[in-house]
Ligand SMILES: Cc1cc2nc3c(=O)[nH]c(=O)nc-3n(C[C@H](O)[C@H](O)[C@H](O)COP(=O)(O)OP(=O)(O)OC[C@H]3O[C@@H](n4cnc5c(N)ncnc54)[C@H](O)[C@@H]3O)c2cc1C
């Protein structure tokens, strides 16, 4: 087999489709199962267990931060919330100037246009804005803050609001309908339930091994996610320089708001508004934040609530009147991921002080927005903080303890664990080839040299496209 792609999410699916389109015989290996929307029950307990890595219970090593990732054909794109944000030009220019990325920004942006067209990304109509996002937009507008409506890869969406449990109506243009169906028709071989354990280097070929299978191949494209790709490299004896040591997570801290009238935040398109005044990525800076609605069902909301016992049940009883949003941090903190003895990931990550400061600023600004939208009170994400009333927004800068187990943080955007970059710290050359073994390329969220600062699926797909064009020989790396 000339090329073997490992992982079928945002990066892997685009890589496999690009190779197949070019007539290169390709095998796609995916650890999870193939799912069909007709089997999606919209029940959190069942669907989290089926669609998410470790049933949605993957956490950092001290259990202080929950990390949600997909497992199955389509990876995390199958149950993401369908926001399609092109890579910020400012970040690409920053990387180009630093010599981190060998691909000029214009080429990445052109690849992003191709990705957006392939995903059928389009603006959702104002009529599809739910009560939660409407309040967020109105509050931000009242304060004169910048609000953007991102594109979405959903078509004729019914607005049921269960996106993160997989679309039961098959209206999401995730990577299976957008890339893999056509690629399979054109000859792409796909093995599901094929969890790659390691890659052995042998004279003339690479041996890709997993339980019950061995594949001999000339080249490998690794796209098992920013958590799993470094583990495979580690087990293959390739976990050296730059591998697993610069994990970014885009941590998300929720800020809940109580209103006098119903919000019904769970109903409708979950995230249709981005408040971007704190976003430095578009200006080529690092740090800062994006404010956005939270997308979660009642069980996940309860699991990520900063109060326990009777206080939790009193709060949750008001759920129909609660606005749900949070701060998505453009993090600078470098986490670490490596394999445990049992093969599971051991993830070390907690935001460093400069990120903590930005996150608190984001919470303060979000509190201002909620109050400008008419909220009665807001609940900070700290275990030892109580609800705050209008006029108390600045307390967000000091309230509570910013430390593990004393606050609520989660992540759905792992990145940066096998990055491009200066040779001293990176694992990949500027074209996505592993420095330690150029027959292996990385084409998933791992390769970002810094956190991208916006929802990352379009960036990952764009870079995966360009990197695999290097194998095809038609692209700039041919
Ligand atoms: C709930 C949720 C909502 C999100 N919403 C958005 C959004 O609206 N917009 C946006 O841009 N981003 C969103 N994201 C993030 C986005 O989906 C991810 O950043 C992106 O899919 C990551 O791409 P990837 O290729 O790195 O990994 P993934 O898409 O996670 O794919 C990795 C694949 O590799 C497989 N795999 C793992 N280990 C192995 C192995 N050993 N062998 C074989 N296969 C393996 C996995 O099963 C998985 O299918 C969201 C994510 C989640 C979880």
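Every read-out reported here was derived from the displayed coordinates using simple, explicitly stated rules and does not represent laboratory data. The structure presented is a predicted model; accordingly, all values stated were derived computationally and were not measured. No Cβ is skipped: glycine too gets one built from the backbone with ideal geometry, and neighbour counts run over all protein chains shown.
Could you work out [θ]222 nm for the chain from helices alone, using -39500 (n - 2.57) per DSSP H run of at least four and dividing by all its residues? Round to the nearest 500 deg cm²/dmol. Mean residue ellipticity, 222 nm, calculated: -7500 deg cm²/dmol. Axis angle, to the nearest 10 degrees, between helix 10-21 and the longest C-alpha principal axis of the chain: 40 degrees. Packing around the peptides 200-213, 423-436, taken as the average count of other Cβ atoms within 10 Å per residue, puts them in this order, highest first: 423-436, 200-213. DSSP beta bridges confined to the chain are antiparallel in about 75 percent of cases. Taking 0.36 nm per residue of separation and subtracting the current Cα-Cα distance, fully stretching the chain between residue 191 and residue 143 would add 12.1 nm. Please compute the length gained on full extension between residue 340 and residue 22, using 0.36 nm multiplied by the number of residues separating them and subtracting their Cα-Cα distance. So the extension gain works out to 110.6 nm.
Peptides 372-379, 388-395, ordered by how many other C-beta atoms sit within 10 Å of their residues on average, highest first, read 372-379, 388-395. I need the calculated FRET efficiency for the pair residue 34 and residue 102, taking r as the beta carbon distance and R₀ as 22 Å, to the nearest 0.05. Plugging the Cβ-Cβ distance into 1/(1 + (r/R0)^6) gives 0.05. Sorted largest first, the principal axis extents computed over the alpha-carbon atoms of the chain equal 68, 46, 43 Å. log10 I(q)/I(0), Debye, Cα-only segment 402-478, no solvent, q = 0.12, 0.16 Å⁻¹? Ignoring solvent entirely, the Cα scatterers give -0.39, -0.62.
Across the chain, the relative contact order, built from alpha-carbon pairs under 8 Å that are at least six residues apart, equals 24 percent. Remark: relative contact order (segment 254-359) = 34 percent; criterion is Cα-Cα distance under 8 angstrom and separation of 6 or more residues. For q values of 0.09, 0.12, 0.16 Å⁻¹, compute log₁₀ I(q)/I(0) with the Debye formula on a Cα-only model of segment 293-431, without solvent. Values returned for q = 0.09, 0.12, 0.16 Å⁻¹ are -0.36, -0.60, -0.94. Taking 0.36 nm per residue of separation and subtracting the Cα-Cα distance, full extension of the segment from residue 93 to residue 398 would add 106.3 nm.
Inter-label distance, residue 126 to residue 316: 3.7 nm, where each label sits 7 Å from its Cα along the C-beta direction.
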